[in-house]
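Rule-based calculations on the coordinates, nothing more; no lab input. Remember, it's a predicted structure, so these values are computed and weren't measured experimentally. Please note: Cβ atoms are built from the backbone with ideal geometry, for glycine as well, and neighbour counts cover all protein chains shown.
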Amino acid sequence: MSHNLLEGKRGIIFGALDENSIAWKVALKAKAEGASFILTNAPIALRMGGVQQLAQQCDTEVIPADATSVDDLDALFAQSEEKLGGKIDFLLHSIGMSPNIRKGRAYGDMNYDWFLKTLDISALSFHKMMQVAEKRDAMNEGGSIVALSYIAAQRSFTDYTDMAQAKAMLESIARSYGYRFGKSKKVRVNTVSQSPTKTTAGTGISGFNAFFDYADKMSPLGNASAEACADYVLTLFSDYTRMVTMQNLFHDGGFSSSGITEEIVEMLEKQAQAGQ
Ligand SMILES: NC(=O)c1ccc[n+]([C@@H]2O[C@H](COP(=O)([O-])OP(=O)(O)OC[C@H]3O[C@@H](n4cnc5c(N)ncnc54)[C@H](O)[C@@H]3O)[C@@H](O)[C@H]2O)c1
C-alpha cells in the first residue's frame with residue numbers, strides 16, 4: 001500500500017533501535033511513500049542495534065546524535081541538510097528512556113538525578129531539536145513535527161513512574177512550540193499518544209504484559225500496532241493534515257474514550273463466580 005504521500009519530502013527520524021521500534025516502521029513506510037531522510041540515534045544505541053541494516057534498506061545514512069546534546073543536534077541538522085540537499089519537511093521524535101524505570105525504582109523512591117535524565121532524554125530533547133531547527137532555519141514552510149506520547153500524561157498508570165511527567169512535559173512542549181513554529185513557518189507540531197506496544201522501551205516497564213492485555217480489552221478496536229502507528233504518523237507528515245497542530249492525538253483503538261468494555265465485565269464476572 002503506497003500512495004506517494006511523501007514524494008519529494010525530506011526528514012530526520014530519531015529513535016529506530018531495532019525492528020520492533022515504532023521509528024523503524026515509520027522509516028520503512030516513509031521510504032515506501034517516497035520520502036528521503038536521515039536516521040539518527042544515540043551513539044551508544046548505534047553500537048548495539050541493527051540501524052545500519054535499516055539504513056541500507058532505506059538507501060540512506062545514519063548520523064549519531066545524543067538528543068540531549070545541543071551540539072550533537074546542531075551537527076546533525078547541518079549534515080542532514082547537506083546530505084538531503086535542502087531544508088527539512090518532517091521530524092520524528094521517537095525517544096524515551098527512564099533510568100528509574102530501568103533500575104526498577106518505585107515512585108516513592110526516585111533517584112532525582114535519574115529523574116532529571118528521564119525528563120532531559122524523553123521530553124526536553126524535543127524542545128532542543130525544535131530550537132536547533134528554528135535557529136538554523138532548517139525547516140521548510142508547512143513542515144510537520146511529531147513526537148510519540150502515552151496516556152500516562154493524563155492518567156496515572158502504575159509502574160510508569162517518572163515517564164508520566166516526561167510525557168506531560170512532551171505534550172506541553174508540542175503546544176508551546178507548535179504555536180511558535182506555526183506563526184513563524186506554518187510548521188505543525190503534534191504528539192501521537194500510542195497504545196502499549198511491544199518494543200524495547202515498552203517491555204522495559206514492569207507489568208507490561210498485563211498493561212498490554214488490559215489496554216487491548218479496554219479498546220473497541222484493540223491495541224494499535226506499531227505498523228498502524230507508523231501509518232498514522234505518515235498522514236501527519238503528509239499535506240493532508242496541513243491544519244492540524246498543537247494536538248495530542250490518541251492512536252489507541254479507542255482506549256482513551258472507553259469507560260468499561262464487555263471483555264472486562266466478563267473477566268470480572270468470571271473471577272467473581274470462581275471466588276464464590
Ligand atoms: N512501546 C510502547 O508501549 C509505547 C507506547 C506509547 C508511546 N511510546 C513512545 O514511543 C517512542 C519510541 O519508543 P519505542 O516503543 O519504539 O521503543 P524503542 O526502545 O525502540 O525506542 C526508544 C528509542 O529512544 C532512543 N534513545 C534513548 N536515549 C536517547 C538519547 N539520549 N538520544 C537519542 N535517542 C535516544 C533509543 O536508542 C531508542 O531508539 C518513545 O517516546 C516511547 O515512550 C511507546
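Condition test on Glu7, is it without any contact (Cβ under 8 Å) to a residue 40 or more places away in the chain, within 25 Å of Gly142 (Cα to Cα), among the charged types (D, E, K, R) and out of contact with any strand residue (DSSP E or B) (no Cβ under 6 Å at 6 or more places or on another chain)?
Details: without any contact (Cβ under 8 Å) to a residue 40 or more places away in the chain: yes; within 25 Å of Gly142 (Cα to Cα): yes; among the charged types (D, E, K, R): yes; out of contact with any strand residue (DSSP E or B) (no Cβ under 6 Å at 6 or more places or on another chain): yes.
Answer is yes for this residue.
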Query raised in the report: Restricting attention to region 243-256, does a residue exist that is more than 27 Å from Gly182 (Cβ to Cβ), within 14 Å of the ligand (Cβ to nearest atom), of a type outside the set (Val, Ile, Thr) and without any contact (Cβ under 8 Å) to a residue 60 or more places away in the chain?
Result: yes
Report task. Tell me, please, whether a residue that is farther than 22 Å from Leu92 by Cβ, in a helix (DSSP H, G or I) and within 14 Å of the ligand (Cβ to nearest atom) can be found in region 258-265. Result -> no
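Can you name every residue in region 124-151 that is in contact with a strand residue (DSSP E or B) (Cβ under 9 Å, 6 or more places away or on another chain) and aliphatic (A, V, I, L, M)? Before the answer, list the steps.
Applying the first criterion (in contact with a strand residue (DSSP E or B) (Cβ under 9 Å, 6 or more places away or on another chain)) to region 124-151 yields 125-126, 129-130, 133, 138-140, 142-151.
Selection gives Met129, Met130, Ala133, Ala138, Met139, Ile145, Val146, Ala147, Leu148, Ile151.
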Report task. Would you please name the residue that is surrounded by the fewest Cβ atoms within 10 Å (Cβ to Cβ), looking only at residues in region 14-34 that are touching a Cys at 6+ places or on another chain (Cβ under 9 Å) and in contact (Cβ under 8 Å) with a residue 60 or more places away in the chain? Result -> Leu28
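Name the residues in region 136-177 that are of a type in the set (Val, Ile, Thr), within 21 Å of Ile12 (Cβ to Cβ) and without any contact (Cβ under 8 Å) to a residue 60 or more places away in the chain, would you? Full working, then the answer.
So the first thing to find is which residues in region 136-177 are of a type in the set (Val, Ile, Thr), and the list is 145-146, 151, 158, 161, 173.
Of the ones still in play, those that are also within 21 Å of Ile12 (Cβ to Cβ) are 145-146, 173.
Correct list: Ile145, Ile173.
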Report task. Identify, by number, the condition in (1) near the ligand (Cβ under 8 Å from one of its atoms); (2) touching a Leu at 6+ places or on another chain (Cβ under 6 Å) that His93 doesn't meet. Result -> (2)
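State which residue is surrounded by the most Cβ atoms within 10 Å (Cβ to Cβ) when the search covers only region 108-145 and only residues that are small (Gly, Ala, Ser) and either within 19 Å of the chain's Cα centre (by Cα) or part of a helix (DSSP H, G or I) (or both). I'd like the intermediate steps shown before the answer.
We begin by selecting, within region 108-145, every residue small (Gly, Ala, Ser); these are 108, 122-123, 125, 133, 138, 142-144.
Restricting the remaining residues to those that are either within 19 Å of the chain's Cα centre (by Cα) or part of a helix (DSSP H, G or I) (or both) gives 108, 122-123, 125, 133, 143-144.
Values: Gly108: 6, Ser122: 27, Ala123: 25, Ser125: 27, Ala133: 24, Gly143: 23, Ser144: 29.
Top of the filtered list is Ser144.
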Query raised in the report: In this structure, is Phe157 within 15 Å of the ligand (Cβ to nearest atom), in a loop (DSSP other than H, G, I, E, B) and among the aromatic types (Phe, Trp, Tyr)?
Result: yes
**Report entry** Among (1) within 12 Å of the ligand (Cβ to nearest atom); (2) part of a helix (DSSP H, G or I), the one test that Tyr214 misses
**Finding:** (1)
Requested in this report: From (1) within 10 Å of the ligand (Cβ to nearest atom); (2) buried (at least 16 other Cβ atoms within 10 Å of the Cβ); (3) under 18 Å from the mean Cα position of the chain (by Cα), pick out the condition that doesn't hold for Gly11.
Outcome: (1)
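Can you name every residue in region 96-110 that is within 11 Å of the ligand (Cβ to nearest atom) and polar (S, T, N, Q)?
To start, the set of residues in region 96-110 that are within 11 Å of the ligand (Cβ to nearest atom) comprises 96-99, 101-102.
Hit for region 96-110 is Ser98, nothing else.
Evaluate region 14-37: report whether one residue or more is under 22 Å from Tyr232 (Cα atoms) and among the β-branched types (Val, Ile, Thr).
Going residue by residue through region 14-37, those that are under 22 Å from Tyr232 (Cα atoms) are 14-37.
Now drop any that are not among the β-branched types (Val, Ile, Thr), which leaves 22, 26.
Yes - at least one qualifying residue is present in region 14-37.
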Query - Every residue from region 160-194 that is part of a loop (DSSP other than H, G, I, E, B) and over 28 Å from Ile88 (Cα atoms) - result: Tyr160
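Here is a check on your reading of the model: is Lys185 surrounded by 15 or more Cβ atoms within 10 Å (Cβ to Cβ), under 21 Å from Lys128 (Cβ atoms) and not hydrophobic (A, V, I, L, M, F, W, C)?
Values: surrounded by 15 or more Cβ atoms within 10 Å (Cβ to Cβ): yes; under 21 Å from Lys128 (Cβ atoms): yes; not hydrophobic (A, V, I, L, M, F, W, C): yes.
Judged against the criteria, Lys185 is a match.
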Report task. Out of the residues in region 175-195 that are in contact with an Asp or Glu (Cβ under 9 Å, 6 or more places away or on another chain) and within 14 Å of the ligand (Cβ to nearest atom), state the one that is nearest to Asn223 (Cα to Cα). Result -> Ser195
